[in-house]
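Since the structure comes first, as structure tokens, the remarks are kept for the end.
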Amino acid sequence: MAVYIFLALGVVLVLCVCTALLRWNEVRYMKKGLPPGTMGWPVFGETTEFLKQGPNFMKNQSARYGSFFKSHILGCPTIVSMDPEVNRYILMNEAKGLVPGYPQSMLDILGKRNIAAVHGASHKHMRGALLSLVSPTMIRDQLLPKIDRFMRSHLARWDDGSIIDLQDKTKQMALLSSLMQIGIDSSSISQEFIPEFFKLVLGTLSLPIDLPGTNYRRGFQARKNILGMLRKLIEERRVSQEAHNDMLGCLMRSDDNKYKLNDEEIIDQIITIMYSGYETVSTTSMMAVKYLHDNPSVLHELRKEHLGIRAKKRPEDPIEWDDLKAMRFTRAVIFETSRLATVVNGVLRKTTKDMELNGFLIPKGWRIYVYTREINYNLRLYPDPLAFNPWRWLDKSVECQNYNLIFGGGTRQCPGKELGIAEISTFLHYFVTRYRWEEIGGDKLMKFPRVEAPNGLHIRVSPQC
């Protein structure tokens, strides 16, 4: 009997301590003028609920507190904005008391000089450097021919009759394509680089807890290893003085380079290019194939477009700039895939001073999470929002409307947007003109915090008749 009483007292004590901690954390952030919301546990806040429940967590909180509420996620007190008007204002007015506010884990692993972390004159300079790498002229004359050769080769052996994991294949495709464009295409460097890069990606969305076995520790160590590889490659190129017609060569060029960067900046931009391109291209390619499989009428229209382009060419002729511009329905498929399978759920900003926003007072140093995911399902902007309907994007005004934040907005719109579209378009061209496929079935898809198939997305590929 004494044992049961002791256990009961222990349970009561634990409950009291937990209640006290939760209450203390709420009181700690109970400042005048803040929007409503909850703050969760000390240190951890509501990060676990946010990562596990994702969109449902956001919907539940917005149902209770409205589209503008406070929380504590990814180690920071945070204001979550789900209001389209407020989100657009934030993205278009970065200099007015707002700077990038990404989590510490992302800053540590991607680097403090990456384009997503800097602001003001530094951001303008970095953005200029990156835009010079992915301008329409660069895509047309240098990048598209390389992408075409790579996609032909990469897709050549997909129809051997065996079952393939589409997720694994598109990840390989996106990473190897990125390595090739940057200039890290020697097999020895690639084999070292690839496993470290995958660890780095996992570490960016983790709590910055530097303990053995954590994703943060593994990701941070992977960054150190990648830094060593890139520094060695840069030094070897300087010693050889050989000209290289790739992204790294362009960033290292000092004679006619308007946007000169130091080595630390070059390395952080290279890592960021790979990170953002890998996530976008691999996920969108995989999900486009998934949606095409599930929507035969869309597949028929897409295949008709690409067979029409291929009919004007010899079998060995590559995709060229004019072909890419003619892929109107393909572009629509990519935008619709990106809308439904949201790769970037939102962006983070940090206040540099106490500021008023949406009628509330936001303290200096707080994060603002511009949660753009729900805009993609807005019934007013996208009629029948859960339907996969690429035809809606054939009206160019939809792509240009103010609330289309699929590729970011304002001065933070993704500089590699058109390059990513070129890569996915070329992949789809060769995939749908060469092959037919069927899903094996039973594979689960998750859409938060990343779009992924935890056990893979398995398909059987056969030649197009």
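Some notes on this structure:
- Proximal aspartates and glutamates relative to K199, as straight alpha-carbon distance under 19 Å, when same-chain residues fewer than 8 apart are discounted: D108, D168, D210, D268, E279, E452
- Qualifying lysines (Cα of each under 24 Å from Cα of K312; at least 8 residues distant if same chain): K146, K304, K325
- Pairs beyond 27 Å (Cα-Cα), from K70/K171; K70/K96; K112/K258; K59/K396; K124/K353; K171/K350: K70/K171; K59/K396; K171/K350
- Solvent-accessible ranking of C400, C250, largest area first, probe 1.4 Å: C400, C250
- Protein accessible area in the chain, 1.4 Å probe - carbon and sulfur %: 57
- Span-like helix criteria (full DSSP H runs; alpha carbon extent of at least 27 Å along the helix axis; mean Kyte-Doolittle hydropathy of at least 0.5) are satisfied in the chain by 2-28.
- By the rule of a C-alpha distance below 16 Å, with chain neighbours fewer than 8 residues away ignored, the lysines paired with K444 are K52, K290.
- The range 118-151-the range 40-67 distance, computed between alpha-carbon centres (Å): 37
- The residues of the chain expose on average 47 square angstrom of accessible surface per residue, using a 1.4 Å probe on protein heavy atoms.
- Think of the range 101-259 as having a plus end and a minus end, set by charges on the Cβ of Lys, Arg, Asp and Glu; of L202, A121, L227, A121 sits farthest toward the positive end of this dipole.
The values are calculated or read from the model by the stated rules, or taken from the named source; none is laboratory data. Quick caveat: nothing in here was measured; it's all calculated off a predicted structure. Reconstructed Cβ throughout: ideal geometry from the backbone, glycine too, with neighbour counts over all protein chains shown. The accessibility values were calculated without ligands, DNA or RNA, using every heavy atom of the protein model including side chains. Shrake-Rupley method; radii C 1.70, N 1.55, O 1.52, S 1.80 Å.
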